[in-house]
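This report concerns only the one structure given below.
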Amino acid sequence: MSQLQRKIDKRKMKGKKDIKNLRPETLMMSYGYKPELSVGAIKCPIFQTSTFVFQTAEEGKSFFELAYGLREKGPREEMGLIYSRLNNPDLEILENRLTLWDESEDCAVFESGMSAISTTLLEFLNPGDLLVYSSPLYGGSDYFIKHVLTKFGIETLEVKPQMENDEVKKLVEDSGFAGRLRMIFVETPANPTNALIDIASCRKIADHFSLDDKKVLVTIDNTYMGPLWQHPLKHGADMVVYSATKYIGGHSDVIAGACLGSKELINRIKTLRTFLGSMAGPWTGWLLMRSLETLKPRMEKQTANAQKVAEFLNNHPKVEKVYYLGLLTEKNGQQYKIYKKQCLSPGAMISFDVKGGEKEAFTFLNNLKIFKLAVSLGSTESLAEHPATMTHSDVDPEERLELSITEKLIRLSIGVEHPDDLIQDIKQALSYV
C-alpha cells in the first residue's frame with residue numbers, strides 16, 4: 001500500500017467519525033469525494049469514460065467477483081471500477097450523497113424517473129403477483145402500471161386516498177389474489193391533487209398480507225416532497241423513488257431518477273439496472289451533484305413563495321378551490337392528521353380550480369407572463385400546466401373526474417422568483433378569465 005493511500009485511508013476513517021455530527025446540506029459539498037485522487041480538484045470531475053484500466057489481471061478478477069456476487073466484500077474493501085454501465089465515480093458519489101437526506105442504506109440512480117419506477121416494479125413483481133397502487137398517480141406511472149405491467153401477467157388493484165385500512169384489506173381479499181400481493185406502490189402527495197396517503201397505514205396493510213417467506217414491500221413515490229419535506233423510510237416504507245429531474249435536479253436541464261432503500265433491495269435493483277442499461281451517465285451524475293449543493297435553500301425559498309401564492313389564490317373571487325397542503329386545517333380531518341404526522345413542510349406544488357372549465361383555464365394559462373407553460377416541476381423557474389389535457393391526458397376520463405382532475409384544474413410549480421411578482425402575474429392572468 002502506498003504512503004498516499006495510507007493517508008487517504010486514515011482520513012477516511014477519521015471522516016466517518018466526523019460526519020456523524022454534520023447535517024446533509026453540509027455534507028453535500030464534499031461527501032464521498034477525495035480531491036487527492038483527482039489531482040486536487042475541489043469539485044468532482046466528470047469521469048467521461050466507458051471503461052477503466054485494471055492494474056493487474058488479479059485486480060480485474062477481484063473486481064468482477066464482487067460485481068457479480070461471486071464472493072463477499074472484505075471488511076475494508078471497496079468495489080473497484082470496471083465499466084460505466086456497472087459503476088462510475090460520478091454515479092457512486094451521487095448515490096452516496098442522496099442516501100443522506102432519507103437516511104437510507106443505499107441508492108440507485110437512473111437516467112429518468114420512469115426508469116427508476118419501472119426497474120423497481122419489474123424487479124419485485126412476477127407474473128401472477130398483485131400490485132396495489134394509489135390513485136391519482138403521475139400519468140407515466142399510471143400508464144406503465146395499467147398498460148405495461150398487465151402485459152406480463154401482473155394483477156393490479158387501484159385504491160383511493162380516502163379509503164380506510166379495512167376497505168383496502170377487503171378489496172385485496174375480494175380480488176382473489178391476497179396471497180400473491182407483493183407490493184403497495186403509493187404516490188403521496190399525489191400528482192396533481194396533493195392528496196395524502198398514510199405511509200404507516202400502508203405498512204400495516206403490507207404486514208397483514210406478508211407471508212413468512214414473502215414480505216409485501218411498500219414503495220413510495222416522493223417526488224412532490226423531494227428529499228427534504230418527507231422521509232417515507234422513517235414511516236415504514238421499504239423503498240422511496242424520485243424523479244430526480246424535479247427538485248433534486250432543480251434547473252430543468254437534466255433527466256434522472258433514483259430509488260433508495262436497504263442494501264439488499266437496492267442491490268437487486270442495481271443488478272437489473274445493469275442488464276436493462278438504465279443507469280445514469282457521468283454527466284447526469286455530475287449535474288445532480290451540483291444541484292444537491294443548493295437543494296435545501298432552493299426548496300426553502302420555493303416553499304416560502306408557494307405559501308404566499310396559495311394564500312392569494314385562496315382569497316381570489318375567480319378561484320373555486322385550492323389544493324395545497326399548507327391550507328389544510330383540522331376541518332380537513334384525516335388529510336390534516338396525515339400532513340402533520342408525515343410531512344415536514346407543505347412544499348411548493350399548488351393546484352387550483354378556476355371558476356369555469358377548459359376555456360377559462362386555457363385563458364388563464366395563455367395570459368401568464370412569468371410562469372412558463374410547461375410540464376415538469378420542482379425547478380427554479382415557476383411553471384404552469386393543465387393536467388387533464390397534458391400530464392394526465394391518458395387517464396380514463398371518468399376516473400379523472402372522480403379524482404378531481406377536471407377541465408378547470410390548473411397545476412403550478414412554484415420557483416424561486418420574488419413572490420410579489422408571481423402573485424402579480426397570476427392576478428393579471430386571472431383578470432382575463
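Taken together, the values in this text are just the output of simple stated rules run on the coordinates, not laboratory data. Quantities reported herein were computed from a predicted structural model and do not represent experimental measurements. All Cβ positions, glycine included, derive from the backbone under ideal geometry; neighbour counts span all protein chains shown.
For THR150 and GLU399, the difference between the fully extended length at 0.36 nm per residue and the C-alpha to C-alpha distance is 87.8 nm.
Dipole of segment 295-430 computed with +1 at Lys/Arg Cβ and -1 at Asp/Glu Cβ about the Cα centre; of VAL354, GLN335, LEU368, farthest Cα towards the positive end is GLN335.
When ASP420, ASP90 are arranged by Cβ crowding within 10 Å, least crowded first, meaning fewest neighbours, the order is ASP420, ASP90.
Taking the average, over residues, of other Cβ atoms within 10 Å as the packing measure, peptides 225-234, 188-197, 308-317, 167-176 rank 188-197, 225-234, 308-317, 167-176 from highest down. Taking each residue as 0.36 nm, the span from GLU77 to ASP420 lengthens on full extension beyond its C-alpha to C-alpha distance by 118.1 nm.
Could you compute the FRET efficiency for THR26 and GLU167, with r as their C-beta to C-beta distance and R0 at 41 Å, rounded to 0.05? Walk me through the numbers before you get to the answer.
Working: r = 44 Å, r/R0 = 1.08.
That pair, THR26 with GLU167, gives E of 0.40.
Where does the charge balance sit around ASP106 when Lys and Arg score +1, Asp and Glu -1, over other residues with C-beta under 9 Å from its C-beta? Write out the running numbers ahead of the final one.
Numbers: positive: LYS263, LYS270; negative: GLU95, GLU105, GLU264.
Result for the local shell: -1.
Mind running the shape call on segment 59-143? Use the C-alpha gyration tensor, a ≥ b ≥ c as the square roots of the eigenvalues: rounded below 1.5 for a/c, prolate if a/b tops b/c, oblate otherwise. Spell out each step's value before the answer.
Values: a/c = 2.38, a/b = 1.83, b/c = 1.30.
It is prolate, given that a/c is not under 1.5 and a/b is the larger ratio.
Basic side chains Lys and Arg get +1 at the Cβ, acidic Asp and Glu get -1 at the Cβ, and with that the dipole of segment 295-430 about its Cα centre reaches some 540 debye.
Determine the relative contact order of the chain: mean sequence separation of Cα pairs under 8 Å and six or more apart, normalised by residue count, in whole percent. Let's see the in-between values first.
Numbers: 759 pairs, mean separation 67.5, N = 433.
With pairs under 8 Å counted, the relative contact order is 16 percent.
Note on segment 105-260: dipole from Cβ charges, positive end direction compared against ALA256, HIS208, ASN194; the farthest Cα belongs to ASN194. Ordering VAL395, GLY74, LEU412 by Cα displacement along the dipole of the chain toward the positive end leaves GLY74 in first place; charges were set at the Cβ atoms of Lys, Arg (+1) and Asp, Glu (-1). Taking the DSSP beta bridges with both ends in the chain, the antiparallel portion is around 60 percent. Computed from label points 7 Å out along Cα-Cβ, the spacing between GLU59 and VAL39 is 1.9 nm.
Can you sort TRP283, TRP101 from fewest to most other Cβ atoms within 10 Å of each residue's own Cβ? Spell out each step's value before the answer.
Details: TRP283 13, TRP101 22.
Fewest-to-most ranking of TRP283, TRP101: TRP283, TRP101.
Whole-Hz Karplus values for segment 135-145 come out as 9, x, 10, 3, x, x, 5, 4, 5, 4, 5 Hz, taken residue by residue from phi with 6.51 cos²θ - 1.76 cosθ + 1.60 and θ = phi - 60°; glycine and proline positions read x.
Stretched out straight at 0.36 nm per residue, the stretch from THR389 to ASN366 would grow longer than its current Cα-Cα span by 6.8 nm.
Could you line up TYR336, TYR432 from fewest to most neighbouring Cβ atoms inside 10 Å? Please report the intermediate quantities before stating the final value.
Numbers: TYR336 15, TYR432 11.
Result, fewest neighbours first: TYR432, TYR336.
Suppose every K and R has +1 on its Cβ and every D and E has -1 on its Cβ; what is the size of the dipole of the chain about the Cα centre, in Debye to the nearest 20?
Details: 54 positive and 57 negative charges, 303 e Å.
Value, rounded to 20: 1460 debye.
Calculate for the chain the 222 nm mean residue ellipticity that helices alone would give, adding -39,500 (n - 2.57) per DSSP H run of length 4 or more and normalising by residue count, nearest 500 deg cm²/dmol. All intermediate terms of the calculation are to be shown ahead of the outcome.
Numbers: 16 runs with 169 residues, N = 433.
Computed ellipticity for the chain at 222 nm equals -11500 deg cm²/dmol.
In this structure, the pairs whose alpha-carbon distance is over 32 Å, taken from LYS160/LYS408; LYS73/LYS146; LYS160/LYS214; LYS246/LYS318; LYS296/LYS341, are LYS73/LYS146.
Between rounded, prolate and oblate, where does the chain land on the alpha carbon gyration tensor, with a ≥ b ≥ c its root eigenvalues, rounded for a/c under 1.5, else prolate if a/b exceeds b/c? Intermediate results must be reported in sequence, preceding the final value.
Details: a/c = 2.08, a/b = 1.40, b/c = 1.49.
Oblate.
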